[in-house]
Structures are given as C-alpha cells and as structure tokens.
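These notes are about the structure you will find just below.
The values are calculated or read from the model by the stated rules, or taken from the named source; none is laboratory data. If you're wondering where the values come from, they're calculated on a predicted model, not measured in any experiment. Backbone-built Cβ (ideal geometry, glycine too); neighbour counts: all protein chains shown. Just the protein is used for accessible areas: all its heavy atoms, side chains included, with ligands, DNA and RNA removed. Shrake-Rupley method; radii C 1.70, N 1.55, O 1.52, S 1.80 Å.
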Amino acid sequence: MELERVSEDDLRAKLSDRAWRLSHLYWIRDKKGRKVRFTPNPAQLKIDAELHYLNLILKARQFGITTWACIRALDTALFRKDTACGLVFHKLSDASAAFVDKILFAYDNLPPSIRRLRQAVSRDNTGLLRLSNGSSITVSLSHRSGTLQWLHISEYGKICARDPIRAKEIQSGALNTVAPGNYVTIESTAEGQYGDFYAKCQKALELRRQIAAGTAKLTAMDYRIHFLPWFEDDTYELDPEGVVITDDYLEYFAQVEAETGFELNARKRAWYVKKHQEQGDLMYREYPSTPKEAFRATKDGSYYGKLMEQADTEGRICSLPILPHLPVHVFWDLGTNDTNVLAFMQDHGGWLNWIYCYGKDGEGLHHFAAELTKLADKHKWTYGWQYLPHDAANVDYSREDRKSRKQVLEGLGFKCKLVSRIEQISDGIEMTRQMLPRCRFDLRGCGDDAQGQGLITALRAYRKEWDEKGQCYRDHPLHDWTSNYVDAIRQAAQGYEPEVVRQEKRRKQSAINWKTV
C-alpha cells in the first residue's frame, strides 16, 4: 500500500491502530540484506498481543524478538509524545547494529509525511535518536540516568552468566528507571540456573502456576513470562526421508507432546534429531521445548550444575528432618572479602544431609558464635566439629591478644578442626564433585535468603570465569557471592571423613586385631 495515496482521514484512522502500523509502516533488512517491509511473525504477534507491563521472554533462537523490540520502541516513540525508550544489549557491536540497521533504517524509510511530523531533532550513530514530539530512543549497554517509559533488555541471561557486575548494574540501574505502569521486556535464551534472569523466570513461572490454580493474580509489579519453544518456529522443519529416529527420541517426543499439547509432525521431529546431533547438550538451552528444559544444566561453564540437576531429579533436594540424636557439623568459609558462610551438615545413613546455611557480611567471630548458639537453642541440636580453613590458625593481628580465629572459637566453647590446604583449587572442585552424589539438601534451610543467595543456588551457579575477549571460559572459577557458599561446602569434601568410612576402617582394624590374637 502506498501511504502517500491514502486520504488524510483514512491515514489518520490507520495510524491510530498500532497493529496496522506494525504490519504496514516499517521497513527492515532481511537476512540477505534486502529491504523488506516488516511483517510480524506469529511469535512477534503473540508477544505484542499478550504484552503486560513487566515481561520476561524465554525463548529458543531466531524468533526475531530483537527486531520486534526495535520496531516497537520506534513505534512507541513516534506515536507517544514525551516518551523515553531504552534498549540494553549484551555487546557494544550488537547495540550499534540494532540502532543503525534496525531503528535508524526503519526511521529513514518512513513515509516522508510522517518524518516531517516527527523530525529527528538529534541523531547519531552512538545510540541516541530524539524526535520533535519530545520522545527519544537510547541504545546502550546499560541505562541509569533519567526515567524510561519503555525498556527492552536483550540476552539478559547471557549478561547475568558472563558479566555479573554489569547484570547487577542493569538490575539496580536500568530496571529502576522504569516507573510502575510502564513497559519492560526482557528477552533471552537461558544460560544456566543462576543470575537475575533465572531468578525472575522461576518466580514468574511459579506465579503462573498459582494464577492457573486460582490462588494469585498478576499485578502491575509482577513479571509475566512468555515462552517461545523451538517447535513454534515454522522454519524448524526438515524432510524426514533418511532421518533415523531412535527409541530415545520417540520417548522424548512423546514426553514433549504430553507436557505441551503440541503435536510434533514428522518434519519437525526430523529437524530436531539432526539439530540435536549437532548441538548436543546445548540443544536444551538454544532450542528448548519447555521452560524447565531451557534451564537444564550443560557443560558450558558450570562446575556442579549437572550434579545438582541429578540431585533434584533423584529427590535429594527436599525437606529434611533434623535428627536430634546426631551431631551437627559446621563447615566455615572465612571470606577474604569480609563475607563469611557457615554450612550445617548431619551425617546419616551414608548421606551427608545439608540442613542449613548462614552467610553474613561485615560481622566478626562473636556474631557467628552467637548465631550458632541461637540456632542450637531453636532447633535443639548439638554441635560436633567446626571445620575451619587452614588459615584460621594464623595469628589475627587485628586483635590485641593476637589469638587466631580457631583459638577464639575454642575459647567460646566450640570444638574446631582445621582443613588442610590444597595446592590447586581444581583439586578441591573435583573432591566436591565426588562428594555431591552423597549429599542431600534441605529446601528451606539451604534455599535462598532475602538477597536471593543460598547454598543450593550457589552450587547450581558456581561456574568458570568468562573471557569476553577470547569468547571462552577461563580455566578457573568466577569469584562472586557463590564462591563463599561453595567454598564452605568444599571444606567438607576436603576435610570430612564420613561415618560409613570410619565404621569400615574400624571394622577392618578389628578384623586385623582379631587375627593377631
């Protein structure tokens, strides 16, 4: 349709309809670089129709959500005066490409009559477009100053996983620039079971379950989750001739159909089999069938993700009883960054039951000693040993009496053992891997605190540091809050001898003694 030939009254009526505008008004470049009219695909139409104030878009690859967000931001700025729109991207190159190739390209190819009404007061290639109606679009790696009425964050899961500091900046900065009643869209493929994107998705999925059960309602301050599985993309199909579908795949497809209600035809099954053979475990992250599968642990960067997923599948993340006849052993991480974490464990029937975890910043040993006493009084448990890192025997020169932290705790009535130092942290990580299949975790005691931190989440989230320049994971851990929790439980892997092992040693020694009699 040539808009310049439409009468002014007809054009005014059509321009008042956002759905019409999105399908007729904007031009983009397709994957081959050709200029084509932007026509929303089914996934983009679905998101636009179901848009809430706060939105999480968990998705498979290549649904064009970034393109939709750029066009939607431009449309919002053009047709709502005094509106500030912001888009945040994972990389500077992505931000620049989106601004120049999508937003500016679409603006420059608007009908001249509309560009005359909405002149560009200022524009540059660094990510800012100001219009004559007082609206603007800013594209950047974060956003802190000013107030936004529309915010889109691209690949937030990847930012949370690979750049936690910037993720915190986005969480505390950009998300706080949007007042209630305005719009936020956060889209990403999943990137492991950690970070703010994972936490927001889990909370939104739980809220969705409660809404379906009639026990909760969606408010303007709640996130609505939109999930886009791979099979909703019509391009993910392949001629099935020659594609062998094994029983394992048939079982998987039957499970997906039962969970989603979507019938997977032969072409989709063939595409999935071939793509899975190429992608391996990454398939679950890049082309998920369900939200749970999207966050399924992969080998990519996570140290304990697979083992924690196994613990969850086997029912070892559950409600654990506290057994008053058994001692509670406590494993300490005395953080060099002034964060201390205590992990509480009972050894029962061959299992290491992790019943509680406590972390605190900026507190001395007397605070933790008081907390230990308070917990013992509350839960009626008795302590076995306090397992301390090797450097707890060092002189504490901040004290007038020059006592070590071990001596201080012993003076307060606690039995302490030092865990021997290891030369390589990779050895301790491997010891922890060997120990985790014998561990169970109490959901409440080891779950997240008010800051979203806890032992279970930390074990899922603990991962290698990401090298942005080399685009790969470094061969050492990322040091963030998870390190403190994981280092506490690592003391058990390095220094605790399970009761079943001690019993076996006693049995063997008894047999030796008997033979010598």
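Do you know which of the residues in segment 265-296 that are open to solvent by less than 10 Å² (accessible area, probe 1.4 Å) and among the hydrophobic types (A, V, I, L, M, F, W, C) is nearest to Phe227 (Cα to Cα)?
Ala294
Taking segment 383-425 only, how many residues are among the polar types (S, T, N, Q) and out of contact with any strand residue (DSSP E or B) (no Cβ under 8 Å at 6 or more places or on another chain)?
So in segment 383-425, the residues among the polar types (S, T, N, Q) come out as 386, 394, 398, 404, 407, 420, 424.
Add one more test, that the residue is out of contact with any strand residue (DSSP E or B) (no Cβ under 8 Å at 6 or more places or on another chain), and what stays is 398, 407, 420, 424.
Total meeting the criteria: 4.
For Glu237, are the conditions met, namely being open to solvent by 60 Å² or more (accessible area, probe 1.4 Å), part of a loop (DSSP other than H, G, I, E, B) and closer than 19 Å to Ala43 by Cα?
Against the criterion (open to solvent by 60 Å² or more (accessible area, probe 1.4 Å), part of a loop (DSSP other than H, G, I, E, B) and closer than 19 Å to Ala43 by Cα), Glu237 does not qualify.
Quick check: anything in segment 378-401 touching a helix residue (DSSP H, G or I) at 6+ places or on another chain (Cβ under 9 Å), within 30 Å of Gln202 (Cβ to Cβ) and of a type in the set (Asp, Glu)?
So far as segment 378-401 goes, no, none of its residues is touching a helix residue (DSSP H, G or I) at 6+ places or on another chain (Cβ under 9 Å), within 30 Å of Gln202 (Cβ to Cβ) and of a type in the set (Asp, Glu).
Kindly evaluate Ser93 against the criterion of being of a type in the set (Gly, Ala, Ser), exposed (fewer than 14 other Cβ atoms within 10 Å of the Cβ) and either modelled with pLDDT of 95 or more or over 34 Å from the mean Cα position of the chain (by Cα) (or both). So that I can check it myself, show each step before the final result.
Details: of a type in the set (Gly, Ala, Ser): yes; exposed (fewer than 14 other Cβ atoms within 10 Å of the Cβ): yes; either modelled with pLDDT of 95 or more or over 34 Å from the mean Cα position of the chain (by Cα) (or both): no.
No; evaluated as a whole, the condition is false for this residue.
Need a quick list: helices (runs of 4 or more DSSP H) entirely within segment 1-110 having at least 1 residues that are hydrophobic (A, V, I, L, M, F, W, C), out of contact with any strand residue (DSSP E or B) (no Cβ under 6 Å at 6 or more places or on another chain) and closer than 28 Å to Lys168 by Cα.
Where helices (runs of 4 or more DSSP H) fall fully within segment 1-110 and carry at least 1 residues being hydrophobic (A, V, I, L, M, F, W, C), out of contact with any strand residue (DSSP E or B) (no Cβ under 6 Å at 6 or more places or on another chain) and closer than 28 Å to Lys168 by Cα, they are 65-79, 92-97.
Between a first residue in segment 253-271 that is of a type in the set (Asp, Glu) and a second residue that is part of a helix (DSSP H, G or I), which pairs have beta carbons less than 8 Å apart while being 6 or more apart in sequence or on different chains?
As it stands, the answer is Glu263/Glu257, since those pairs meet every condition given.
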